[in-house]
Amino acid sequence: MSMVGFPLLLIPLAIYNIIAFLMPEVSFGVTLFKLTLMSGVEWQVTLSDVLIAVGIFLLMFEVIKGARPGAKYLTDHLLSLIVFGAAAAEFVLWPKFGTSTYFLLTALALVDFLSGLALRTRRRAVAAPAVSAKGTRKPEPPVAEPKPEPAPAQATAPPAASVAESVLLDRPEPAPTPEVAPHAASPEVPSPGIQPGSGTTSDKPPR
């Protein structure tokens, strides 16, 4: 839940009203204290000077609050406008408030209201391009994460069964034996009186 900021410039204006209505015998030009400067001049600080100085410092804090993002809401600006309107009405209508001191306090209230509006407008003008640029921004491609390299496998001795299988598989096959042609029949050699397969020959001469 957001809290409404309190208008700080209401403090010096309220002090002036208290003095004007409840302490009419007190003068705003009365000297509160004196300060001797390095130049030797004696500076007389009056009640009017103190009220104006307090109003200036409070205005500085109001501007700092309004400069923060999301610090001031519409209700805060409305309260600042009400404070300025009431101070301006008192300055114009009441004789006790027709002094230079109250005029300067009213001017500070006006500066507070205008600075709050200017800061709010500036924040809107800066936020609008940022939102539009964010809406039209193209999505970046995802960056591929590096994959972890697999750990090197440890060298292990192969089992005896796998070694035997590899030896049997790598054994060279025997070369095929060349086919030998069957022996051809020996040709018959013509010879007188001798032929293969004939019976025994006689040594007797023919008659």
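General observations
- Checking each residue in segment 7-25 for being surrounded by 12 or more Cβ atoms within 10 Å (Cβ to Cβ) and of a type in the set (A, V, I, L, M, F, W, C) picks out Leu8, Leu9, Leu10, Ile11, Leu13, Ile15, Ile19, Ala20.
- Residue within segment 57-74 that is under 47 Å from the mean Cα position of the chain (by Cα) and within 15 Å of Tyr16 (Cβ to Cβ) present: yes
- Residue list for segment 31-57, filter: of a type in the set (A, V, I, L, M, F, W, C) and either in contact (Cβ under 8 Å) with a residue 24 or more places away in the chain or under 23 Å from Phe113 (Cα atoms) (or both): Leu47, Val50, Leu51, Ile52, Ala53, Val54, Ile56, Phe57
- Asp49 satisfies every condition listed in (1) in contact with a Phe, Trp or Tyr (Cβ under 6 Å, 6 or more places away or on another chain); (2) more than 17 Å from Phe91 (Cβ to Cβ) except (1).
Throughout, read-outs are computed from the coordinates displayed, never taken from laboratory work. Just so it is clear, the model here is predicted, and its values are computed rather than measured. All Cβ positions, glycine included, derive from the backbone under ideal geometry; neighbour counts span all protein chains shown.
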